[in-house]
Amino acid sequence: MILRSIELEEFGKFRGRTFELRHGMNLVLGPNEAGKSTLVEAIPAVLFGCRDVSRLKPWGKNACAARLVFEGGGQTVEVHRDLLSDDVHLIERDDLYQVVTEFRERVPLRGRGVAAKRYRNLLARLLGIGDEELFRATCFFGHTPQEWRGDELSRKLRELLGGGSQKDYEQIMESLLEEHFSLTRYSPWGRDKQQDRQLEILDRELAERQPQTAGEVTAETVDPDDTAARIRRLDEEIARDQAEYDKGVRYVEQVRARTAAQPQPAPATTPPPVSAASGDHAPLPDRLRAAGLPESLSPQTPELLGEAAAIRQELAELQQPLSRLQQQEKGLKKPPWLLLGSLALLLIVAVLAVLFTGLPVWSLLLPAGALLALLGFGGWRQWTYGKGRSICDQERDRLEKQRAAALARQELLSERCEALGLPTAPIDLVRLQKLVAQHRDLLQEFWSGTEPAGSTERQPEPAEPQPSVASEQAVDTGSGLQAYDDGPGDATELAELERRLAEFGQQLHDRRAELARLQAGLPSGPVSGNTDSELQALKVRRQEIAVRVAVLRQAIELLAEAVERYAKSDLLQLIEDASRLFSKVTRDRYPEIRLDTRMHPELRVDDKRWQPVECFSRGTVDALYLALRVALARVRGDGRSLPLILDDPFAHLDQQRFAGALNMVNLAAVQGQLILLSHNQELARRAARERWHVVALDPGSPDQTAMEETDHDGQLHLL
Amino acid sequence: MKEMLEVPELDELSTEKSVRGEVARLAEKRLQAATPEERPLIAAALRLLLDRFAAVEPDKL
């Protein structure tokens, strides 16, 4: 798409003028004050708005408006803006001149409303750029070109390089991630989600069902010996449960009797009945609460607490040998090498002195012997120190290993405690152990008080660990009953006790039925067929979800890598093209440029160092940004780009660079549209030679009516 | 390879200068290096991505 015409209704010094432009190079030629810059400022002003309208408003007029017409690919896009009111009218027409899109809204330069966003999206779709800053950084080269710096501009440039697919990619990636995290909470790319998703829920459900099924399958497939063992085990469990149940029945009877007796007022003179059950025992939950104890504890708690105490004891016992070892290590003395060395030095000096004073040689025997004795002493001390040190190190290693093993066990224990909802800190465990002891005492005391007179049955130990599931259930039920052992009780509590007792009775009944089935050699599980089919369906569903998650992960990784490669390939292409162009302009003085992660350019100097662009002269900076703009226009090449607008880009270039830069922009114009503004008469001669389209601005007659020029008009005017 | 991916227009896609083209090129490359067990997964991932691209840009497929 090219800019076909600029119609300036009331704009700066122009009124009612139309400038036609062509594909390729367009040279806007005119002396100073002819209105060249005003003419090209109309492009960003119409497309995006203007910061300072008073600069562009004609003198003495209360109007400022212009129109741009773009053509390409059978499409026509007209954008008209009243710069005073910022009313924009955009019309997109197809090749039959039918209106495809029409937009008419007020869109100021810094507009943030819905209309402004819609308009910018429209511009981006039709012309490739919907942002003024990006336009000035990529398509526009003024007297001080917009440099590539700042996070926001860097982001926009990267998006522009990624092409229009960037937004599509984001949308697709978002939809893929959304679907992935609706299926599983686990993320291979970062932090997992908090809540379980479909896959984890299914896994949990399967895990819950698997043991049951496994149990059923085992029951069906085990050999007779195993079945006999299971029958024996079940029989024992039933016997235990039956004892618990009988005890519960007796207790419920007792509570029922008390509840029945409660409404009858006791005579004032009659002393309270002295019985173990209703005597001076306060309600158990109250007593437990008063002691700061929970009403029921997990059966594993005493075992865990016992283990914790053993570990604490072990750690405490390790402290003593460790401190003894520390003392021992402190007691080890290194040989006083400094002192021995000094003495040896003194002796050597003495020997030398003896030699120089001419004393007989035999007199050297004494100092030599002393020296040897010193060395021997030092060696012996060193040997004893090394030996003691080695023994201490071995001992320390052994103790440290023991300590590490104890700490590891403590860590495991902490995890188990945490799983049961118990505290993990050692001090809390000590406190809990004391509480458990109190708990047991209170329960025993209470049970001894609530047992019927003359009962010879064993006292329950609710908090003791039991090996079988059935026993645990029985204990839990017992604990549940105990929670309501609060003396007189009322009808609600009695009903609750009866309900629990009935449930426990039903469980006992089921267990008996199971035993009967096993004894009769019948397969267990009344609805095993249904369970199997449900389980199979769950497994199939899980498999489907797992496959979908794998496909989604593969797709997400594929897309992310493709986008990265795509952006990188464009970026590399841009750098390569810009380096080549810039090298030509500077006649190989700067053979290479690079862009850092923020798209900020740097130049390689002396084949070694990289210098940021700010370190160079204005002429070099201008040539670099010109090369970058030309290279970017070439790399994009998506047909949606605006023309390259160069307002006197060679002002700071010397003669050699001017020639190189001119060749560069001339070549760039072949592939698209380029509008070059200059007052340089050399360019006029070049234009005639190269058959560029020339728009000549005459400073003397700015208000002439619209002028249609042809290529030949432009050439002839110059000639 | 094209038949394995069940994307008849893969040749055309692979030459396209876009993210979609890059996806197609990358999938082809991965497919060549993949084991027989991994190939259906990659093919499914590519089909999924192309469907999503088509939903975003219906005129391109």
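The values are calculated or read from the model by the stated rules, or taken from the named source; none is laboratory data. Please read all numbers here as calculations on a predicted model, not as lab measurements. Note that each Cβ is placed from the backbone with ideal geometry, even for glycine, and that neighbours are counted across all protein chains shown.
Which condition does A:Arg312 not pass, out of (1) outside any helix (DSSP H, G or I); (2) under 48 Å from the mean Cα position of the chain (by Cα); (3) of a type in the set (D, E, K, R), if it passes all the others?
(1)
Would you check which residues across the stretch A:156-172 are among the basic types (Lys, Arg) and at pLDDT below 75 and list them?
Selection gives A:Lys167 alone.
So which residues in the stretch A:620-642 are surrounded by fewer than 18 Cβ atoms within 10 Å (Cβ to Cβ) and either at pLDDT 80 or above or touching a strand residue (DSSP E or B) at 6+ places or on another chain (Cβ under 7 Å) (or both), if there are any at all?
A:Gly639
Restricting to the stretch A:588-620, what's the tally of residues that are part of a loop (DSSP other than H, G, I, E, B) and either over 26 Å from A:Ile129 (Cβ atoms) or of a type in the set (Phe, Trp, Tyr) (or both)?
Adding up the residues that qualify gives 10.
For A:Asp510, state whether it is of a type outside the set (Val, Ile, Thr), modelled with pLDDT of 75 or more and either touching a helix residue (DSSP H, G or I) at 6+ places or on another chain (Cβ under 7 Å) or in a helix (DSSP H, G or I) (or both).
In short, yes.
So which residues in the stretch A:551-571 are of a type in the set (Ser, Thr, Tyr) and more than 7 Å from every other protein chain (Cβ to nearest Cβ)?
Selection gives A:Ser569 alone.
Which pairs have Cβ atoms under 8 Å, sit 6 or more apart or on different chains, and link a residue in the stretch B:18-41 that is at the interface with chain A (Cβ under 9 Å from one of its Cβ atoms) and over 14 Å from A:Val551 (Cβ atoms) to one that is part of a helix (DSSP H, G or I) and among the charged types (D, E, K, R)?
That search, which allows pairs on different chains as well, returns B:Val19/A:Asp168; B:Arg20/B:Lys60; B:Glu22/A:Arg565; B:Leu26/A:Glu561; B:Leu26/A:Arg565.
Evaluate the following for A:Val114: is it within 17 Å of A:Gln673 (Cβ to Cβ) and within 45 Å of the chain's Cα centre (by Cα)?
Against the criterion (within 17 Å of A:Gln673 (Cβ to Cβ) and within 45 Å of the chain's Cα centre (by Cα)), A:Val114 does not qualify.
Let me spell it out: the conditions are (1) assigned to a helix (DSSP H, G or I); (2) in contact with a helix residue (DSSP H, G or I) (Cβ under 9 Å, 6 or more places away or on another chain); (3) charged (D, E, K, R), and A:Lys568 meets all of them except one. Which number is the exception?
Against the list (1) assigned to a helix (DSSP H, G or I); (2) in contact with a helix residue (DSSP H, G or I) (Cβ under 9 Å, 6 or more places away or on another chain); (3) charged (D, E, K, R), A:Lys568 comes up short only on (2).
Pick out the one residue from A:Glu544, A:Glu576 that is part of a helix (DSSP H, G or I), farther than 25 Å from A:Glu200 by Cα and more than 9 Å from chain B (Cβ to nearest Cβ).
Going through A:Glu544, A:Glu576 in turn, the sole match is A:Glu576.
Quick one: which of A:Ala623, A:Ala669, A:Ala631, A:Ala651 is over 27 Å from A:Gly150 (Cα atoms), of a type in the set (A, V, I, L, M, F, W, C) and not in a strand (DSSP E or B)?
A:Ala669
Somewhere in the stretch A:406-414, is a residue over 30 Å from A:Leu305 (Cα atoms), among the acidic types (Asp, Glu), in a helix (DSSP H, G or I) and modelled with pLDDT of 80 or more?
no
Test A:Ala562 against the criterion of being over 26 Å from A:Val40 (Cα atoms), in contact (Cβ under 8 Å) with a residue 60 or more places away in the chain and touching a Lys or Arg at 6+ places or on another chain (Cβ under 9 Å), and give yes or no.
No: the conditions fail for A:Ala562.
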